[in-house]
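The values are calculated or read from the model by the stated rules, or taken from the named source; none is laboratory data. Just so you know, these numbers come straight off a predicted model, no measurement behind them. Cβ coordinates were reconstructed from backbone atoms using ideal geometry, including for glycine residues, and neighbour counts include every protein chain displayed. In case anyone asks, the SASA skips ligands and DNA or RNA and just uses the protein heavy atoms, side chains included. Shrake-Rupley method; radii C 1.70, N 1.55, O 1.52, S 1.80 Å.
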Amino acid sequence: MGDFLTGLWQNRILMAAIFGWLIAQVLKTILVLVLERELKLERLFGSGGMPSSHSATVCALAASTAILCGPSSSQFAISAVLAFIVMYDACNVRLETGKQAVAIKELQQFFQDMGKAPLSEEKLKELVGHTLPQVLAGALLGILTGVVAALV
């Protein structure tokens, strides 16, 4: 078990991805604290917000893979395609899901105001996707993290 954990810790590509995610989540929490003057610890693990931790993770993965394995490697090709898919999904599909959650909540409130039973008791998450600036900020953070992790 010790060799396995040592191997994980020594995997600079994996560590780049993990640190990309961790740094983005901490920055997200700090930004919420500064802008809203409220410590929301759920931001450490939640999705959505500035910067995109999804983008930071996959871009750190791709950048470190490009440096350590080479831009012509299969590993880089796989990580780059994964990064584009994740960022597209965060900026489009998941962002629309959050907008739909807002609309459904408004409909539920409308029905409740009319004395009707709610459509569902389930709480919907509104903050699941990212705007383009959030995705780009996460991508830049991830690339920087990946380069540093690969070169250190």
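Here are the numbers:
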{"item": "Calculated from backbone phi, Karplus (6.51, -1.76, 1.60) coupling profile of the range 73-84 in Hz, x at Gly/Pro", "result": "6, 5, 4, 5, 4, 5, 5, 5, 5, 4, 4, 5"}
{"item": "Burial order of peptide ranges 64-72, 41-49, 140-148 (average beta-carbon count within 10 Å, highest first)", "result": "140-148, 64-72, 41-49"}
{"item": "Simple spin-label estimate for Glu36 and Ile85 in nanometres, 7 Å along Cα-Cβ", "result": "3.2"}
{"item": "Volume per residue that the Cα convex hull of the range 1-40 spans, once the total is divided by residue count, Å³", "result": "63"}
{"item": "Within the range 8-37, backbone nitrogen closer than 11 Å to the virtual label 7 Å beyond the Cα of Ser73 toward Cβ", "result": "12-14"}
{"item": "Carbon and sulfur %, accessible surface of the range 1-60 computed with the full protein complex present, 1.4 Å", "result": "72"}
